[in-house]
1. Being more than 24 Å from the chain's Cα centre (by Cα) and open to solvent by 60 Å² or more (accessible area, probe 1.4 Å) is the filter here, so list the residues in the stretch 160-177 that pass it.
2. Looking at the stretch 143-162, I want the residues that are in contact (Cβ under 8 Å) with a residue 24 or more places away in the chain and among the basic types (K, R) and have a partner that is within 8 Å of the ligand (Cβ to nearest atom) and not in a loop (DSSP other than H, G, I, E, B) with Cβ atoms under 8 Å, at least 6 apart or on another chain. Which pairs are those?
3. Any chance you could count how many residues in the stretch 110-147 are surrounded by fewer than 23 Cβ atoms within 10 Å (Cβ to Cβ) and of a type in the set (V, I, T)?
4. Go through the stretch 277-294 and report how many residues are within 28 Å of V49 (Cα to Cα) and away from the ligand (no atom under 13 Å from the Cβ).
5. With the stretch 29-148 as the region, which helices (runs of 4 or more DSSP H) entirely inside it contain at least 2 residues that are of a type in the set (S, T, N, Q)?
6. Criterion first (at pLDDT below 95 and of a type in the set (D, E, K, R)) does R197 satisfy it?
Amino acid sequence: MKFPRAMKPERSDREITLDLTIKPLSPHFGTEILGANVSAGGDNVALAVRQAWLDAGGLAVVRDQDLATDRHIAFAQHFGPLFGNPDEKPLQDTVSIYMHPDHPEIYRVSNQVDGDGKPKGRKGAGTYWHSDVSFRERPAGASILSAKQIPPSGGDTIFCDQSRAYEALSETMKAILAPLHAAHDFEVAAHSQYTSRVLVTDDLEGGTNRALHPIVRTHAETGRKSLFVNPGFTSHIQGFHRDESRALLDFLYAHCMRPEFLYRHRWQEYDLVIWDNRCLMHYAIMDYPDDQPRYMERTTCIGDRPA
Ligand code: SIN
């Protein structure tokens, strides 16, 4: 589908031709955008991509973007303020070694080490179902991942549409969930994903990386409701006994795994993938060997307080 001419944003003083091709990635969510030049395109391209992303339920794959790091940051700022910007507290000390040394807004994902043996990025980042930074009072809105190097096969990322998952529940279950809140805690992932307790900081103990959010949130821009719990960071449902909480969370996670709510992204080099953590969770599959480099750079936008 060609981007309809009538829907194209106004041209700025720079002469920009927006000849975007926008195609669905799956019947219900996700869009593939071809013909965009995010690096040179300026505000008009960013706004068109942003709108297509919202219209597609919060997942957009912009092909062929060999983006310099500073251009990636400039583009990402159209989606919100960024974690890592100088005015913000760092995400957590556990990940600071993976941030780009010259650009603290960039989180690096890599299975490689440099000459000194230091990781070039977080190995196996996100190999569990999660919504980025859901343990903060203001969790992530958009995350934007730029694929610089991909293995010949493997390293796919799976996305789950938690709006459709919510909509498919019975009205009775929706009524049960409506008043409930769940606790999100970085420690949940720290225990399962980060091998050393030493890495967990005082900051975590102080509660900065814990937050209570509604189980069902309403998207501030689209008005759509979605489930907002994830196995990576959600510790329990408030007010329930532990086994009750476990049973309900396990039901919701099993429900979210229905194949019709999932899209599996097979990366192409220079894909720029934008996902909306307000309504999607994701899982990065680490099935590729260390001698096949995978290197990605991610910006993460600070979203609103879930409501
Ligand atoms: C992540 O940001 O969770 C990592 C995603 C990926 O590497 O595909």
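1. S170, E171, T172, A175, I176
2. K148/M296
3. 2
4. Looking only at that region, the number is 2.
5. Working: elements: 38-55, 69-76, 93-96.
In the stretch 29-148, 38-55, 93-96 are the helices (runs of 4 or more DSSP H) which contain 2 or more residues that are of a type in the set (S, T, N, Q).
6. yes
Here's the yes/no breakdown for (1) outside any loop (DSSP other than H, G, I, E, B); (2) open to solvent by 70 Å² or more (accessible area, probe 1.4 Å):
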site: G239; (1), (2): no, yes
site: E260; (1), (2): yes, yes
site: R264; (1), (2): yes, yes
site: W267; (1), (2): no, no
site: D287; (1), (2): no, yes
site: D290; (1), (2): no, yes
site: M296; (1), (2): yes, no
site: T299; (1), (2): yes, no
site: P306; (1), (2): no, no
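Matching residues to (1) near the ligand (Cβ under 10 Å from one of its atoms); (2) touching a Pro at 6+ places or on another chain (Cβ under 9 Å); (3) modelled with pLDDT of 95 or more:
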position	(1), (2), (3)
P90	no, yes, no
I97	no, yes, no
G121	yes, no, no
G155	yes, no, yes
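The values are calculated or read from the model by the stated rules, or taken from the named source; none is laboratory data. Please read all numbers here as calculations on a predicted model, not as lab measurements. No Cβ is skipped: glycine too gets one built from the backbone with ideal geometry, and neighbour counts run over all protein chains shown. Heads up: the accessible areas ignore ligands, DNA and RNA and are worked out on the full protein's heavy atoms, side chains in. Shrake-Rupley method; radii C 1.70, N 1.55, O 1.52, S 1.80 Å.
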